[in-house]
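Have a look at the structure below before the remarks.
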Amino acid sequence: MELTELNEHFSRVLAALKEDHAASTIDLWFKDSFVADFDGRTVTVALENDFKKNTVSNRYRDQLKQKLCEELNGDFNVTLITKDDVAAEESSIFVSAPQPYVAKQEEPAPDENDSVVGSGYTFENFVVGSSNKVAHSACIAVAERPAGTINPLFLYGPSGLGKTHLLFAIVNSLRKRRPHTKVRYVTGEQFTNELIDAITKKNTALFRSRYRNLDMLLIDDIQFIAGKMVIQEEFFHTFDTLYKLQKQIVLTSDKTPKEIEHLEERLRTRFEMGLIADIQPPEPELRTAIFKQKTQSLGLDLPNDVLAFLADNIRSNVRQIEGAVKKLWAQSFITSEEITLDMAKSVLSDYFSKERSKITPDLILEMLSKRYGMPTDEIKGNRRTANTVYVRHMAIYLIREYTDLSLNNVGKIFNRDHSTIISAYKGVEARIKNDSDFNKDLHEIKAELDEK
Ligand code: ADP
Ligand code: MG
C-alpha cells in the first residue's frame, strides 16, 4: 500500500478518535503526525516531538492500534517515533564537519535555494589529480551538456574529498553560461526535511512541482534517504519523472549504490544506469598541489620542507588540508612569525590522529598476517598464488603509505628491487580505482591501523 493512501486511512483514524475524545485534545497530541513507514506488519506513526510521542504512547496507543486495525482491516502493530527520527541524522558526520560554505537556513524558500551554493567553488579552483580526474571531467561534461550522455551522474567517495565542491562547480558554471537553466541543489537531508514538511502541511503538490519542473537536480549525500521508505518512494517518482523528461540528475554518496545499506532495489538500479565515478583520497602529488593552491589563495608562501611535511602527514582528507593551512595562516598572523617546520609541527599536532612513526613495517606485516591467516614469511617471500600476491601488494602499498622508508628500503624487506615495489604500488592504486571490494578491504585495514 502506498504511503499516501495509508495517510488517508490515518486521517480517518484520527477522525474516529475524535468521536471518543475531545477533538481539540486529539488535534493537540496528533498535530502534524503522519504515517512514516509501513512494512506490511507494523505501522510507524511519526509524532511532532518526544513529549507528544510519550503522551500518545501512554494515553492513546491501544485505541490508536485498535482503530488502525479496524480501518485497515487486519492485525497490525503500531510503532511511535518522532519527526526527528524520520529525518534522523544518520550522517551526522557531514553535519558536524566544518562546512562554512553552507549558509545554514531554517527553511530554504523554494527559489532561494541557490543561495546555499557557495560561489567560490568552481572547476577552476578544483585541483585535479589521478584520484579525482574522472569525477572532475564527468562533472564538466554534465555542466556543458546537461542530460547529454551521462545521466544520472553518481559520484561517490569518502567525506572531505570534493564531492560537494564539484556539485557547486556545476551549478556555478551553469549560472554563468546558461542562466536560464532551472537547477536545484539540495542535500539528501534537505530533500527529506522538505518532503516531511510538505506531508505534514499537506501540500505535496507544491513539493512535486518544485522538484519535477527542473532541468537539473543535484542531490548531495543521497545515502541519507536510504532506509526511509516515504522519502525513497517520493524520490523514486521524482527521479523517474525527470529522467523521462531527459533532465539531468547528479547524485553523490559516500558509498557505491551497491554498498548503501537499506537502499531500495529500484533506486539502486537507477543509480547505476548512468556513470558512477569515484573520488579517492589524494595521492601525494595531488596533496602537495592542493596545499600549494590553498596556501597561495591565502597569500602564504610556505617553505618546501613545511609543504612536504604537510603533504606527508595530512593524507586522507582535503577538508583537513584546508583546515591545516588556515590554522597555520592564523598562527603566523597572530604572532607575526614566519612559518617554519617547527611551528607547523606544534600548531598542527592535533591534526595528526596518529603518530606515524609508531606504525612500522613489522606492525603492518603482522596485522596483515593475522587478518589473512598468512605467515609473514609467505607475505615477504616468493610464492605467486593470487592470494599471496594480493596480500603482498597490500603490504607494500601500506608500508609506502604509512612509513617513511625509501623504495630501496621497502624493497629490502621483500627482497626485491625498487622497480618491483613501484609497480606493486601502482597496481594497488589502479585497483583502488576499479575494485570496490578491494577498497572495502583497504578501508578496514586503514581504520585498524589508524587506531594503533
Ligand atoms: P565532500 O563533499 O566530498 O565531503 P567537499 O566538497 O566538502 O567534500 O570538500 C571539502 C573541502 O575540500 C572543500 O572546501 C573543498 O573546496 C576542498 N577540496 C576538496 N577537493 C579539492 C580539490 N581537488 N581541489 C581544491 N579543493 C578541494
Ligand atoms: Mg559533501
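Here are the numbers for this structure:
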{"quantity": "Considering residues of the range 143-170 that are away from ligand 1 (no atom under 16 Å from the Cβ) and within 21 Å of E124 (Cα to Cα) only, the residue most open to solvent (accessible area, probe 1.4 Å)", "calculated": "R145"}
{"quantity": "Search result, residues across the range 15-39 that are in a helix (DSSP H, G or I), closer than 19 Å to N73 by Cα and open to solvent by less than 30 Å² (accessible area, probe 1.4 Å)", "calculated": "A16, L17"}
{"quantity": "Any hit, the range 259-274, residues being over 28 Å from L174 (Cβ atoms), of a type outside the set (S, T, Y) and within 16 Å of ligand 2 (Cβ to nearest atom)", "calculated": "no"}
{"quantity": "F168 touching a residue at least 40 places away in the same chain (Cβ under 8 Å), within 15 Å of L242 (Cβ to Cβ) and either touching a strand residue (DSSP E or B) at 6+ places or on another chain (Cβ under 8 Å) or not aromatic (F, W, Y) (or both)", "calculated": "no"}
{"quantity": "Where T55 falls short, out of the listed (1) under 32 Å from the mean Cα position of the chain (by Cα); (2) free of Cβ contacts under 8 Å to residues at least 40 places away in the same chain", "calculated": "(1)"}
{"quantity": "Close pairs (8 angstrom Cβ cut-off, 6 or more residues apart or separate chains): part of a helix (DSSP H, G or I) in the range 292-310, at pLDDT 85 or above and small (G, A, S) anywhere", "calculated": "V306/A344; F309/A344; L310/A324; L310/A344"}
{"quantity": "Members of the range 154-204 found to be within 13 Å of ligand 2 (Cβ to nearest atom), aliphatic (A, V, I, L, M) and not in a loop (DSSP other than H, G, I, E, B), listed by number", "calculated": "L155, L166, L167, A169, V186"}
{"quantity": "All positions within the range 275-290 that are over 17 Å from R400 (Cα atoms) and near ligand 1 (Cβ under 10 Å from one of its atoms)", "calculated": "I279, A289, I290"}
{"quantity": "Helices (runs of 4 or more DSSP H) wholly inside the range 337-452 that include at least 2 residues being in contact with a Gly (Cβ under 9 Å, 6 or more places away or on another chain)", "calculated": "386-402, 418-434"}
{"quantity": "Output for the range 216-235, where each listed residue is more than 16 Å from ligand 1 (Cβ to nearest atom), assigned to a helix (DSSP H, G or I) and open to solvent by 10 Å² or more (accessible area, probe 1.4 Å)", "calculated": "M229, V230, E233, E234"}
{"quantity": "Count of residues meeting criterion [within 20 Å of the chain's Cα centre (by Cα), among the charged types (D, E, K, R) and over 21 Å from H165 (Cα atoms)] in the range 217-247", "calculated": "1"}
{"quantity": "Search result, residues across the range 132-153 that are within 16 Å of ligand 2 (Cβ to nearest atom) and part of a loop (DSSP other than H, G, I, E, B)", "calculated": "N132"}
{"quantity": "Odd one out for Y243, checked against (1) surrounded by 20 or more Cβ atoms within 10 Å (Cβ to Cβ); (2) in a helix (DSSP H, G or I)", "calculated": "(1)"}
{"quantity": "One residue from L363, L300 being open to solvent by less than 70 Å² (accessible area, probe 1.4 Å), over 30 Å from the mean Cα position of the chain (by Cα), over 30 Å from N408 (Cβ atoms) and not polar (S, T, N, Q)", "calculated": "L300"}
{"quantity": "Members of the range 254-280 that are within 16 Å of F224 (Cα to Cα) and assigned to a loop (DSSP other than H, G, I, E, B)", "calculated": "D254, K255, T256, I260, E261, H262, L263, E264"}
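The values are calculated or read from the model by the stated rules, or taken from the named source; none is laboratory data. Bear in mind that the values here come from a model prediction, so they are computed numbers and not experimental data. Quick reminder, even Gly has a Cβ in these numbers, built from the backbone with ideal geometry, and neighbours come from all protein chains shown. The area values use the complete protein model at the heavy-atom level, side chains included, leaving out ligands, DNA and RNA. Shrake-Rupley method; radii C 1.70, N 1.55, O 1.52, S 1.80 Å.
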